[in-house]
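Data block below; observations after.
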Amino acid sequence: MNPVIKLLFYKTYEDRLSKLRIISIAWFVILFIMMLMAGTPFLAALFSALAATVPLFSIGLILRILIFDDKQKEAKPAETNKTEAKTDNTEAKPAETNKTEAKTDNTEVKPAEADKKEEVKTIDDMYSAEDSQNAYMEKDNVGTRQDSLEKANAYWLGTRLQMTEKPPFSLYVFKSATDAENALLELPFIHKAKDTGNLICEKVLEFGYYKVEADNYEAIITGFDYTLDDFNKAEESFKKHNGVLKNNLEPTDNANKTASVGGDKNNVKFRETITENQFTYECYDGKTKADAMAFLKDKEVNKGLYYVCVYTPEGNFGRDINGIYEM
């Protein structure tokens, strides 16, 4: 854009032209008064003074462009580039170029800040091999979460009442959800899933915590895989995190019934699908409990009243929308 047009019309140059305007106005007033005193008619004096002032103003503009502005650019090139970048907003390519140069200059002036940003990016985007190996995901859950009072009531008043053999359990009361969660996470078989943030369990257990009322939470662990060692660790952790015993049933021995890890899901074969009213059951046959666990971990159930069941000589196991359980 023509720099003369900039000087004439852009508000950002008004402060630069203030002195030139004052000189031009003073010159115009002096000429106008002198012509009136010499007997020149009013309109003739007015136009004559204007005719003599406009060339002076134009010459002053040209001198400022050729002399003053050039010197200012040499003295402060960074500041001039910044002003031109802001002013030439309508010219896409020059503005983009200046912006890039400004970013480059900023990087050179503040290398420490650039290094800091690079470091943050590295921390957020990269994980060590050990962290990746130790990360647990939702699919690793083989337990059934009790994360609401409704689920807890369904277990105590429905599932457990129908069992001929009652599994051991620990049931504690906490004043906060944080204490209850921390108590569970201290156990070696309970973790927090990296992808969902939910608690997961590596054993076929009913587990979790839920709100009963204000400042009243209950945490539970129960199931036939709940060994005496698990029980002792849970009792210690619950008390450590300010839990108060509500009830428990200690396991009679420390022997786990059967292994639940190291199975082969390919040993599980489809039997049939049964639909009864609104309930749907996918039925499979497996060789071992470990095979059933490996198979059920890979099965996803995303709707209610849908059940995947695996029947083995070592017991029967199922999965619904809440998780894996022993039937």
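Could you state the orientation-averaged shadow area of the convex hull built on the Cα atoms of segment 265-326, in nm² to one decimal?
3.8
Mind listing which trypsin sites (Lys or Arg not before Pro) in segment 183-214 are in a DSSP loop and have 10 or fewer other Cβ atoms within 10 Å?
Filter output for segment 183-214: empty list.
Where the convex hull is taken over the Cα atoms of segment 138-249, what is its projected area averaged over directions, in nm²?
6.6
Are there any trypsin sites (Lys or Arg not before Pro) in segment 216-318 that are in a DSSP loop and have at most 14 other Cβ atoms within 10 Å? List them by number. Don't skip to the answer; put the middle values down first.
Values: sites: 233, 239, 240, 246, 257, 265, 269, 271, 287, 289, 297, 299, 303; in loops: 257, 287, 299, 303.
Those satisfying the criteria are 257, 303.
How would you rank 283, 309, going from fewest to most other Cβ atoms within 10 Å of each one's own Cβ? Walk me through the intermediate numbers first.
Details: 283 16, 309 19.
Taking fewest neighbouring Cβ atoms as first place, the list is 283, 309.
For a paramagnetic label modelled at 7 Å from the Cα of residue 249 toward its Cβ, which residues of segment 307-327 fall within the zone defined by backbone nitrogen distances under 20 Å?
315-318, 324-327
Taking 0.36 nm per residue of sequence separation and subtracting the Cα-Cα distance, how much length would be gained by fully extending the chain between residue 229 and residue 314, in nm to one decimal?
Between residue 229 and residue 314, full extension yields an extra 28.4 nm.
On a full-extension model of 0.36 nm per residue, what is the gain between residue 34 and residue 48, subtracting their alpha-carbon distance, rounded to one decimal in nm?
My answer for the length gained is 3.9 nm.
With the convex hull built on the Cα atoms of segment 179-308, state its orientation-averaged projected area in nm².
So the mean shadow area of the Cα hull is 10.3 nm².
Filter 175/297; 239/265; 211/265; 192/246; 194/303 down to the pairs with a C-alpha to C-alpha distance above 31 Å, please.
175/297; 239/265; 211/265
So, in nm, how far is label residue 176 from label residue 269 when the simple model puts each one 7 Å beyond its Cα toward the Cβ?
5.5
Laboratory data are not the source of any read-out in this text; all were calculated from the coordinates shown. In this text, all values refer to a predicted model and were calculated from it rather than measured experimentally. All Cβ positions, even for glycine, are placed from backbone atoms using ideal geometry, and neighbour counts span all protein chains on display.
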